[in-house]
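**Q** The structure's right below; bear with me while I get my questions together.
Nothing in this text is a laboratory measurement; each read-out follows from the coordinates by a stated rule. These numbers were taken from a predicted model, which means no experiment stands behind them. Every residue, glycine as well, gets a Cβ built from its backbone with ideal geometry; the counts of neighbours run over all protein chains shown.
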Amino acid sequence: MKHIEKSFHSVKVLNDIQFSLKAGTVHALMGENGAGKSTMMKILAGVYKSDGGEIYIDGKKVSIDSPKDSQELGIAMIHQELSSIPQMTVAENIYLGREPGSKLFMSYTEMYKQTAQLLESLHVHINPKVKIGTLKVADQQLIEIAKAISFNANIIIMDEPTSAITDKEVENLFHIIRALKEQGKGIIYISHKMDEIFQIADEITVLRDGAYINSWQAKDIDNSILIKNMVGRELNEVYPKIKVPIGETLLEVKDFSLKNKFENISFDVKKGEILGFAGLVGAGRTEIMNSLFGLTPPDTGEIRMDGKAITIKKPQDAIGYGIAYVTEDRKNEGLILQMGVGQNITLASMKELQKLLIKAKEERKVILEQIKTLRVKVNHPKQLASSLSGGNQQKVVLAKWMMKNPRLLILDEPTRGIDVGAKAEIYKLMCEYVDKGNSIIMISSEMPEVMGMSDRIIVLSNGQFGGELCREEFKQEKIMSCAVSKI
Ligand SMILES: Nc1ncnc2c1ncn2[C@@H]1O[C@H](COP(=O)(O)OP(=O)(O)OP(=O)(O)O)[C@@H](O)[C@H]1O
Ligand SMILES: [Mg+2]
């Protein structure tokens, strides 16, 4: 790709970008949220038309005007946003668009058989006949990966393919990627997870603010050079954990059980504390928080706040007690994509804003403040949430809840898909937030994050209590052994 240009509504988001991919290699595309990575790849995938520049494949100039052109040139893309259709089965989603008459058309029996074979070859244990909408986010992501591979393309673009899957599945994916490399395929890999990049990439290209910065052989650079090039400044501390005095117990959960989900879970969280929840995906962490927040009340168990027993039967009860919950599935639950960024931010605190009779001007001030603190890359507060880059959408959801200033903030994978620079800012906000005497429960599957930010970690294993570690005891191996202790 040479001299690629792209603007949206006269805002330039790609300016003279170049990129080249060799057969049989993995080329990582890196950069902060909003740098232009997805846009660049969507041009290659025929989703967007570039305003200028050329694309060559095997040395021949090509023109890509539609997803179909791109497919026919042997390009497949796994999109950052899950694009499957929830009401259709796994197999139907994988073979979507290969209609009767096209050379890829096949009967339903054949389709299910082929899907089963495909999934088996990828070591993905999912029934081809279940509806996609009933699957966990992680499994939906695995299906997207399988789908891209099923096209047998020569160029495979993976836009944050591992944002929702477990370490074990990542390992499996890397296995698949290495096999694809051996077949001479080229892979473009986008991820914010630094350790992944150094494991899998042969080459790395960095974009910043829509501009091409540089390309390197992965072996020639290290983490800090890479980060510096991405954020355009030195980043001293990714995990700026400050020591906050830990106060009295804010909330206690006792003997929480929900059939087939989790059993006899007890824990407490203190004022000023960041309590981490670690464990493998599927260990029951999200389910426990769903119960605590009143989404799926537990079969048995008690909750105490400030030492007094309380009842939470629905989310409104939890909110009434000053609990807020930023869920894992932010795209569906956290954002109204067809509304402006500003409106999205003030949505949750509308009531408070009205109570205080804040005028439009002040509301705007508050919004701008939040946009600035979180460095949300947005041209105008009225810009639609749907047009923000993936990571910036997540920042908007966080901004929305932080404005509510709850006593206990439950965060489920708070920095998934967020770039290193912005991560550090979110961690800083978390520290400031508990410094005011509030508490945070953070579910995280990213080891460095959960160890970097927690005061204490509860490890769950297979729906059961797997162990508890205080900050001095944090060690990756120790957490892992607790995480598998009940399997
Ligand atoms: N359809 C659109 N309309 C308007 N602006 C858009 C649209 N798509 C992307 N943009 C803007 O283009 C810029 C680049 O976005 P892009 O999605 O390519 O970033 P990214 O590097 O993939 O970031 P992330 O790591 O957060 O996924 C952003 O400022 C974004 O708001
Ligand atoms: Mg993106």
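**Q** In the stretch 33-122, which trypsin sites (Lys or Arg not before Pro) are in a loop and have at most 12 other Cβ atoms within 10 Å, using DSSP for the loop call?
**A** Here the sparse-neighbourhood loop sites are Lys49, Lys103.
**Q** Against the longest alpha carbon principal axis of the chain, how many degrees, from 0 to 90 and to the nearest 10, is the axis of helix 167-182 turned?
**A** Taking the Cα atoms of the chain, the angle to 167-182 is about 10 degrees.
**Q** Continuing with this model, one more query. Name all residues of the stretch 287-314 having a backbone nitrogen under 13 Å from the label point set 7 Å from the Cα of Asp255 along its Cα→Cβ direction, giving them as ranges.
**A** Of the residues in the stretch 287-314, 299-303 have backbone N under 13 Å from the label point off Asp255.
**Q** In whole Å, what is the distance between the alpha-carbon centres of the stretch 274-294 and the stretch 367-414?
**A** Computed from Cα coordinates, the inter-centre distance equals 22 Å.
**Q** Also: Label-point separation (nm) for Ile242 and Arg364, each offset 7 Å from Cα along Cα-to-Cβ?
**A** Result for the modelled spin labels: 3.2 nm.
**Q** To check you understand DSSP bridge types, tell me what percent of the beta bridges within the stretch 249-483 (both residues inside) are antiparallel, rounded to 5.
**A** 55
**Q** Out of all DSSP beta bridges with both ends in the chain, state the antiparallel percent to the nearest 5.
**A** Bridges in the chain are about 50 percent antiparallel.
**Q** Could you check the simple spin-label distance between Asp58 and His125, using points 7 Å along Cα→Cβ, in nm with one decimal?
**A** The answer from the label model is 4.1 nm.
**Q** What is the spread of the Cα atoms of the stretch 249-483 along each of their three principal axes, largest first, in whole Å?
**A** Result, largest extent first: 49, 36, 31 Å.
**Q** I would also like to ask the following. For the stretch 2-231, what proportion of DSSP beta bridges, expressed in % and rounded to the nearest 5, is antiparallel? Let's see the in-between values first.
**A** On the way: 16 of 34 bridges.
In the stretch 2-231, DSSP labels about 45 percent of beta bridges as antiparallel.
**Q** Quick one: angle between helix 360-373 and the longest Cα principal axis of the chain, in degrees between 0 and 90, rounded to 10, please.
**A** 70
**Q** Which pairs, out of Lys22/Lys113; Lys372/Lys400; Lys37/Lys193; Lys270/Lys372; Lys365/Lys404; Lys42/Lys136, put more than 22 Å between their alpha-carbon atoms?
**A** Table pairs above 22 Å Cα-Cα are Lys22/Lys113; Lys270/Lys372; Lys42/Lys136.
**Q** Work out how much length Met447 to Thr373 would gain on full extension: take 0.36 nm times their residue separation and subtract the Cα-Cα distance, in nm to one decimal.
**A** 24.1 nm
**Q** Could you tell me how far the Cα centroid of the stretch 189-225 sits from the Cα centroid of the stretch 120-137, in Å?
**A** Centre-to-centre (Cα) distance: 31 Å.
**Q** Once R0 is set to 41 Å, what does the formula 1/(1 + (r/R0)^6) return for the Cβ-Cβ distance between Ala116 and Arg304, expressed as a FRET efficiency to the nearest 0.05? Write out the running numbers ahead of the final one.
**A** Details: r = 49 Å, r/R0 = 1.20.
Calculated value: 0.25.
**Q** Could you tell me the center-to-center distance, by alpha carbons, between the stretch 2-74 and the stretch 139-167 in angstrom?
**A** 19
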